[in-house]
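Below: one structure, written as structure tokens.
The values are calculated or read from the model by the stated rules, or taken from the named source; none is laboratory data. Remember, predicted model here, so these are calculated numbers, not experimental data. Quick reminder, even Gly has a Cβ in these numbers, built from the backbone with ideal geometry, and neighbours come from all protein chains shown.
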Amino acid sequence: MLAGKRILLIIGGGIAAYKSLDLIRRLKERGVSVTPVLTRSAEEFVTPLSASALSGEKCYRHLFDLTDEAEMGHIQLSRAADLIVVAPATADLLAKMAGGHADDLASTLLMATDKRVLVAPAMNVRMWLHPANQRNVAALRADGILIAGPNEGDMACGEYGPGRMAEPLEIVDAISAALGDGPLKGRHVIVTSGPTHEPIDPVRYIANRSSGAQGAALAAALRDLGASVTFVTGPATVPPPQGVTVVGVETAAEMMAAVRAALPADAAVFAAAVADWRVANASMSKMKKDGSGKAPALEFAENPDILASVAQMKQGRPALVVGFAAETNDVIAHATAKRSRKGSDWIVANDVRPSTGIMGGTENAVTIIDSGGAEEWPRLPKDEVAQRIAARIAAALGPVG
Ligand code: C5P
């Protein structure tokens, strides 16, 4: 979906600037043309020569470079792109953007553009958390500026915390989302993902081993085809993708409420591993051993079946409802029965016996069950399974109209 798009990449002056050279490479691999712009301080970290060699384009640097103005004025430069990306976006660049400054080429381009702008902040953790920076970020968000990251982790300055620039592939994801104009453009898709946690008391809960990897990959793939995605996720280990509306929940009941609140939708994909039961007699305070040696008895109540309730809606049912079936034996028979019992259009069935390494792993082998029968797919990376399911959803929904 990215091939043929044009990005104006403003590289700010921070140690993360070296990663922006990799970002150029990643974008070029995907057929994107990248015009680099370096701020004065960026040149302390990377050279215009490396930026232009990697991008295969002229690297722009100074506002009053008359040759540049003759070739392409800054107004034109700011508008010729499909998207402007600022990576790394330093605290100073963000402050300039929030304040509307235009005193160098980068800030002038950002003021003059009529295109969407995506920033990938990178700075020391104290600078990121500083109230002035947080104020600027909030103002930029309110202005509709898209923000990728920052991530939390070790910093070049030796500290730890939020402030690391998003990785190049995460920025590519955010760019795909910002440019999303594929066959699902104009479609709203709800995706549930991850496990649910059902409290026993305020500090203990019942959970399962779902990592949320397949759900996150699906949300990203649907987004890449242009869908607007509401991603309702339990406490997963895999982070949610950029460019989707994330609704974080803990319990099945909360997940149900979040899905209901996100309707209407054109399609709903239920990839979450929802707990079938919750603890009916969950304690409001931490349960204690009373010295008697007697273990507490937990009583269970059945959770609402989110998939079945949406699939069986009389009014406002999404046109396409997709469920998942994680099974350890007789996969196709169980999944086929599940499809009719729940009323979903498709069931994506997979074998989650520990020996398959699928649950928590990076690959998946699925069979799609629909009204036409069972379609077995080869074992593939979860990203690729997600892309195929997203393409199948786009084909089933057809053109918006
Ligand atoms: O019944 P089982 O849990 O095997 O069904 C799996 C499918 O149903 C998955 O798509 C899952 O997301 C969905 N489900 C649900 N709400 C539940 C239980 C399962 O949406 N309470």
Response to the item:
In the set 269, 247, the lone residue that is of a type in the set (Val, Ile, Thr), more than 10 Å from the ligand (Cβ to nearest atom) and in the same structural domain as residue 208 (by TED's automatic domain parsing) is 247
Worksheet item: When only residues in the stretch 278-309 that are without any contact (Cβ under 8 Å) to a residue 40 or more places away in the chain and polar (S, T, N, Q) count, which is nearest to the ligand (Cβ to nearest atom)?
Response: 281
Worksheet entry | Candidate set from the stretch 335-362 (those that are surrounded by fewer than 16 Cβ atoms within 10 Å (Cβ to Cβ) and more than 17 Å from residue 321 (Cα to Cα)); member that is modelled with the lowest pLDDT | 360
Discussion item. Quick test for you: out of 98, 112, 132, pick the one residue that is among the aliphatic types (A, V, I, L, M) and modelled with pLDDT under 95.
Written reply: 112
Fill in: residue 259, sole failed condition from (1) under 27 Å from the mean Cα position of the chain (by Cα); (2) more than 29 Å from residue 367 (Cβ to Cβ); (3) crowded, with 21+ Cβ neighbours inside 10 Å
(2)
Worksheet item: Restricting attention to the stretch 72-88, which residues are more than 12 Å from residue 145 (Cα to Cα) and touching a residue at least 12 places away in the same chain (Cβ under 8 Å)?
Response: 74, 75, 77, 78, 79, 80, 81, 82, 87, 88
Worksheet item: Which residues, taken from the stretch 181-200, are out of contact with any helix residue (DSSP H, G or I) (no Cβ under 7 Å at 6 or more places or on another chain) and of a type in the set (Val, Ile, Thr)?
Response: 200
Fill in: Every residue from the stretch 364-373 that is surrounded by 15 or more Cβ atoms within 10 Å (Cβ to Cβ) and in a strand (DSSP E or B)
364, 366, 367, 368, 369, 370
Item to complete: Check the stretch 201-213 and report whether any residue there is in contact with a helix residue (DSSP H, G or I) (Cβ under 7 Å, 6 or more places away or on another chain), within 16 Å of the ligand (Cβ to nearest atom), within 30 Å of residue 3 (Cβ to Cβ) and assigned by TED's automatic domain parsing to the domain that holds residue 321.
Response: yes
Item to complete: Confirm whether residue 217 is within 16 Å of the ligand (Cβ to nearest atom), assigned by TED's automatic domain parsing to the domain that holds residue 340, at pLDDT below 95 and not acidic (Asp, Glu).
Response: yes
Worksheet entry | Selection from the stretch 310-360 of residues that are more than 8 Å from the ligand (Cβ to nearest atom) and polar (S, T, N, Q) | 312, 315, 328, 329, 336, 340, 350, 355, 356
Worksheet item: How do the pairs read when you match residues in the stretch 104-122 that are over 24 Å from residue 168 (Cβ atoms) with residues anywhere that are β-branched (Val, Ile, Thr), using Cβ under 8 Å and keeping only pairs 6 or more apart or on different chains?
Response: 104/39; 112/75
Worksheet item: Taking the stretch 250-266, which residues are within 22 Å of residue 202 (Cβ to Cβ) and more than 10 Å from the ligand (Cβ to nearest atom)?
Response: 250, 251, 254, 257, 258
